[in-house]
Amino acid sequence: HGSVSPDEAARAAPFHLDLWFYFTLQNWVLDFGRPIAMLVFPLEWFPLNKPSVGDYFHMAYNIITPFLLLKIDSFELLYYYDEYLGHCMWYIPFFLILFMYFSGCFTASKAESLIPGPALLLVAPSGLYYWYLVTEGQIFILFIFTFFAMLALVLHQKRKRLFLDSNGLFLFSSFALTLLLVALWVAWLWNDPVLRKKYPGVIYVPEPWAFYTLHVSNRH
């Protein structure tokens, strides 16, 4: 009963000629053709502070590929790429770069370890943005690991009589505010039965848009 005839199989899985044709054309033109284009177009046409022709080819490749995938029933694949794989590919290097930057934000002068007035005004919006990034992106583990790595580095550098400069204090204060906002957010929604069912894991950090969809938009 579970067998499939050759005719049914052919109808279920047609060959996507247009998809593979465009993929092949794109690979040859935008990937293989990239070094050729760099030889054809003089470097003098592209200043050092601007993208080169090879960079434009790379950008075009990354932009065109998702649209090619939309020619077949690949929404679930794109959704997985965006929600899971894409988040990992973006957030892990992002927080790693932030930590590397933070590791250079130390000074031997305690007098320089002060946050200027304009930076204080930016702490609140910066911390609020990272709260949204952590909750909506579901990257609490990555965030808390980065925060404790920053805290450990501060304690380690303090033994060497090195102190955070204004940039380091701003970033650390933003992350500390983010952690506080996440804790308040989780505590507020701790007993929400609908969100508890939607996020059944050990780490319970509801997404803001999920809260809006379930509790705000349904009221209108």
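For the range 90-216, with all protein chains in place and a probe radius of 1.4 Å, 73% of the accessible heavy-atom surface sits on carbon or sulfur.
Between Asn62 and Leu120, the modelled label-to-label distance comes to 3.9 nm, taking each label 7 Å out from Cα in the direction of the beta carbon. Amide hydrogen proximity for Leu164: with H placed 1.01 Å from N in the peptide plane, the residues at 5 or more positions away or on another chain lying under 5 Å are Thr107. When only Cα pairs below 8 angstrom with a gap of at least 6 residues are kept, the range 90-216 shows a relative contact order of 36 percent. Sequentially through the range 123-129, phi angles give Karplus couplings (6.51, -1.76, 1.60; θ = phi - 60°) of 4, 4, x, 5, x, 5, 5 Hz, Gly and Pro residues having no value and appearing as x. Each label point was placed 7 Å from the Cα along the Cα-to-Cβ direction; for Tyr212 and Ala111 their separation is 4.8 nm. Phi angles across the range 164-181 convert, under the Karplus curve 6.51 cos²θ - 1.76 cosθ + 1.60 with θ = phi - 60°, into 3J(HN,Hα) values of 5, 7, 4, 5, x, 5, 5, 5, 5, 5, 4, 5, 5, 5, 4, 4, 5, 5 Hz, Gly and Pro given as x. Is the range 17-72 rounded, prolate or oblate when judged by the Cα gyration tensor, a ≥ b ≥ c being the square roots of its eigenvalues, rounded requiring a/c under 1.5 and prolate requiring a/b larger than b/c? Since a/c reaches 1.5 but b/c is at least a/b, the shape of the range 17-72 is classed as oblate.
The values are calculated or read from the model by the stated rules, or taken from the named source; none is laboratory data. As the structure is a prediction and not an experimental result, all values here were calculated from the model. Don't worry about glycine lacking a Cβ; one is built from the backbone with ideal geometry, like all the others, and counts go over all protein chains shown. Side chains are part of the model used for accessible areas, which takes the heavy atoms of the whole protein and leaves out ligands, DNA and RNA. Shrake-Rupley method; radii C 1.70, N 1.55, O 1.52, S 1.80 Å.
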